[in-house]
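Accompanying notes for the structure given below.
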Amino acid sequence: MERLISDLLDFAKIQSGTLTIEKSFKSISSLVLGSVELARHHAKQKKIHIRTEIQPNLPELNCDGDRIIQVLSNLLSNAIKFSSEMGVVKISVSVNDGSIFFSVKDDGPGISEENLPHVFCRFWQEKKTAKLGTGLGLSIAKGIVESHGGRIGVESQQGEGATFYFTLPNGEVTHSDSKKNLESEIQLEFNC
Ligand SMILES: Nc1ncnc2c1ncn2[C@@H]1O[C@H](COP(=O)(O)OP(=O)(O)OP(=O)(O)O)[C@@H](O)[C@H]1O
Ligand SMILES: [Mg+2]
């Protein structure tokens, strides 16, 4: 119930443009390890192995650490929730084209081509697994990543697992600049 209320509040803030982002420099490995720690119990229950692959010598990231842990936790919790027992979830971070590139890859059921465009839409859930959540996690993750000037996406084929990824600018980008670039691309990809 607490989680539902806080998700609804976060979603309302994102929609009304009032989500506050409090940035400071954070070590990337501390963000990853923080989210893995939160997922540990859930993963253990399903005997799922979480692997991390963090490129050495990554710079510190100017971000809202709690919010980025929230994004990673949602991606990790989905990867664990929708996978079968004994699966493997891999969380990787690297520098790519001047941005920091995060990905969370699972070997679960994957997402069909038909459903892929809907996953970031509020309340959207695949019918078979709809009882496992409220369908807000990915739309909140998208809002948080975009508020940092980043972008989020997914690659998947049914039966072959899913890889959710997001990028965050490595350095200072003004919110309005990054928003302009993102709006056109993201509206095309995720037409809710
Ligand atoms: N790793 C994944 N593998 C397969 N399907 C996924 C995966 N991640 C998300 N999905 C699909 O996308 C839907 C939306 O995900 P989202 O995180 O927004 O909501 P949820 O997990 O159902 O609920 P909530 O996160 O609010 O508790 C999921 O219900 C599921 O159908
Ligand atoms: Mg979720």
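Each value in this text was obtained by applying a stated rule to the coordinates, not by laboratory testing. Note that the structure is a prediction, hence the values are computed from the model and not measured. Positions of Cβ are backbone-derived with ideal geometry, glycine not excepted, and every protein chain shown enters the neighbour counts.
A few comments on the model shown:
- Rounded if a/c under 1.5, otherwise prolate or oblate - the range 1-63, Cα gyration tensor axes: oblate
- Positive end of the dipole of the chain (Cβ unit charges, origin at the Cα centre): among 63, 31, 170, the Cα lying farthest that way belongs to 31.
- Where both bridge residues fall in the range 35-102, DSSP classifies roughly 40% of the beta bridges as antiparallel.
- Positive-end residue, the chain charge dipole about Cα centroid, Cβ charges, pick of 152, 96, 82: 82
- Lys, Arg +1 and Asp, Glu -1 on Cβ, resulting dipole of the range 2-189 about Cα centre, debye, nearest 20: 620
- Ordered by the count of other Cβ atoms within 10 Å of each Cβ, fewest first, 63, 192 give 192, 63.
- Cysteines having no other Cys beta carbon under 4.7 Å from their own, within the chain: 63
- Label sites at residue 121 and residue 1, each approximated as a point 7 angstrom past Cα along Cα to Cβ, lie 3.1 nm apart.
- Over the chain, relative contact order from alpha-carbon pairs under 8 Å, at least 6 apart, %: 22
- Gyration tensor (alpha-carbon) shape descriptor, the chain, a/c threshold 1.5: rounded
- Protection proxy ranking of 104-110, 45-51, by the mean of other Cβ atoms within 10 Å over each peptide's residues and highest first, is 104-110, 45-51.
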